[in-house]
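The values are calculated or read from the model by the stated rules, or taken from the named source; none is laboratory data. Here the structure is a predicted model, which means the values were calculated and not measured. Neighbour counts are summed over all protein chains in view; Cβ atoms, including those assigned to glycine, are modelled from backbone coordinates with ideal geometry.
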Amino acid sequence: MSDHLHLAVQNLILKTMKKLAASLAVIVFAGALTSAGTAGGSGKAIFEQNKCTKCHSIESQGLQREGKAPEGGTKPPDLSDVGSRHKSDWIQKWLLKEEEQHGKKHIKKFGGSDDELKTLATWLGGLKKK
Ligand code: HEC
């Protein structure tokens, strides 16, 4: 191999490796973003972000109630078993104050997006005691 050709080949290899490294970095970065996105968007995360734990515990998920139970009226139930009592469709409407039980609507209207509401209600609807 002539020196010139040798150099050209070396250059080519170097360029290819740089390109590979760059696309690898992009892939890793995108992957990190995606997994962070799903973690932030889980039903549990939405539950915590919307301060549902001020009133509700979900013992089965390791979530403790943070605030004091409101005085008088119906105590906010632990939601470990909420999926056995209600379907996720009902929970969605309940959280929008479009459904009532015990003659009352929920104390708080959900403030997040439709997508978040859906994820949250689906997650809650799946919580059943074994
Ligand atoms: C200020 C207190 C309070 C906050 C905050 C709160 N809740 Fe409630 N929640 C209650 C009370 C009280 C009840 C019981 C109402 C009843 O059964 O009449 C209830 C009932 C429910 C029920 C029905 C449970 C069952 O077994 O029938 C679900 C589901 C629920 N809440 C979900 C949520 C979610 C999700 C959030 C956060 C977005 C939230 N709650 C925030 C007080 C609260």
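Looking at region 58-80, which of its residues are within 8 Å of the ligand (Cβ to nearest atom) and under 11 Å from LEU124 (Cα atoms)? Residue satisfying the conditions is LEU79 alone. If you scan region 101-117, which residues turn out to be surrounded by fewer than 17 Cβ atoms within 10 Å (Cβ to Cβ) and part of a helix (DSSP H, G or I)? Residues satisfying the conditions are ASP114, ASP115. Scanning region 56-93 for residues that are polar (S, T, N, Q) and not in a loop (DSSP other than H, G, I, E, B) gives SER60, GLN61, SER84, SER88, GLN92. Taking (1) within 12 Å of the ligand (Cβ to nearest atom); (2) part of a loop (DSSP other than H, G, I, E, B); (3) of a type outside the set (Gly, Ala, Ser); (4) modelled with pLDDT of 95 or more in turn, GLU98 satisfies each apart from (1).
The set of residues in region 71-93 that are loosely packed, with under 11 Cβ neighbours inside 10 Å and of a type in the set (Gly, Ala, Ser) comprises GLY72, GLY73, SER84.
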